[in-house]
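The next block holds one structure in the form of structure tokens; read it before the comments.
The values are calculated or read from the model by the stated rules, or taken from the named source; none is laboratory data. These numbers come from a predicted model, not from an experiment. All Cβ positions, even for glycine, are placed from backbone atoms using ideal geometry, and neighbour counts span all protein chains on display. Just so you know, the surface numbers come from the protein's heavy atoms only, side chains and all, with ligands and any DNA or RNA stripped out. Shrake-Rupley method; radii C 1.70, N 1.55, O 1.52, S 1.80 Å.
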Amino acid sequence: MYAVIATGGKQYKVSQGELIRLEKLCAEVGEIVEFPVLLLSNGQSNLSVGAPYLIETRVRASVVEHGRHDKIKIIKFRRRKHHRKQMGHRQYYTAVKITEIS
């Protein structure tokens, strides 16, 4: 069984017991959060698609931790022009564990 959820402007394919990293959520560690479901599959032949969401279907997850991803280095360079620009970025994330698909 798997579901496709929408959060943070992105879509994620999740299954029960899975640990995923999402965009930062305003929730404390240990708190239960719910996500709307776009698609639900109970097997290969049973597939439900929402328009845009499935009514009365939710995915519940518990917040495990908050953190930051690894640093991404951005380098812009133009040859023979004495131009070099370096930047870095670390994105915040919230790790959640999927507890229930109902």
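A few comments on the model shown:
- Of all residues in segment 51-73, those that are closer than 23 Å to residue 28 by Cα have Cβ atoms under 6 Å from Cβ atoms of residues that are at pLDDT 95 or above and open to solvent by 100 Å² or more (accessible area, probe 1.4 Å), 6 or more apart or on another chain, in 68/92.
- Residues satisfying the stated conditions in segment 26-48, i.e. among the β-branched types (Val, Ile, Thr) and exposed (fewer than 12 other Cβ atoms within 10 Å of the Cβ): 29
- Which numbered condition residue 23 misses (of (1) under 14 Å from the mean Cα position of the chain (by Cα); (2) loosely packed, with under 11 Cβ neighbours inside 10 Å; (3) among the acidic types (Asp, Glu)): (2)
- Among the residues examined, residue 80 does not qualify as within 24 Å of residue 23 (Cα to Cα) and out of contact with any His (no Cβ under 9 Å at 6 or more places or on another chain).
- Total residues in segment 8-52 satisfying the condition of being hydroxyl-bearing (Ser, Thr, Tyr), touching a strand residue (DSSP E or B) at 6+ places or on another chain (Cβ under 6 Å) and modelled with pLDDT under 95: the figure is 2.
- For residue 75, the conditions (1) exposed (fewer than 10 other Cβ atoms within 10 Å of the Cβ); (2) of a type in the set (A, V, I, L, M, F, W, C); (3) within 18 Å of the chain's Cα centre (by Cα) are fulfilled apart from (3).
- Residue within segment 59-71 that is open to solvent by 80 Å² or more (accessible area, probe 1.4 Å), more than 30 Å from residue 1 (Cα to Cα), assigned to a loop (DSSP other than H, G, I, E, B) and not hydrophobic (A, V, I, L, M, F, W, C) present: yes
- Of all residue pairs spaced 6 or more apart or on separate chains, those with beta-carbon atoms under 8 Å, a first member in segment 10-36 that is part of a loop (DSSP other than H, G, I, E, B) and a second member that is open to solvent by 100 Å² or more (accessible area, probe 1.4 Å) are 15/1; 16/1; 24/92.
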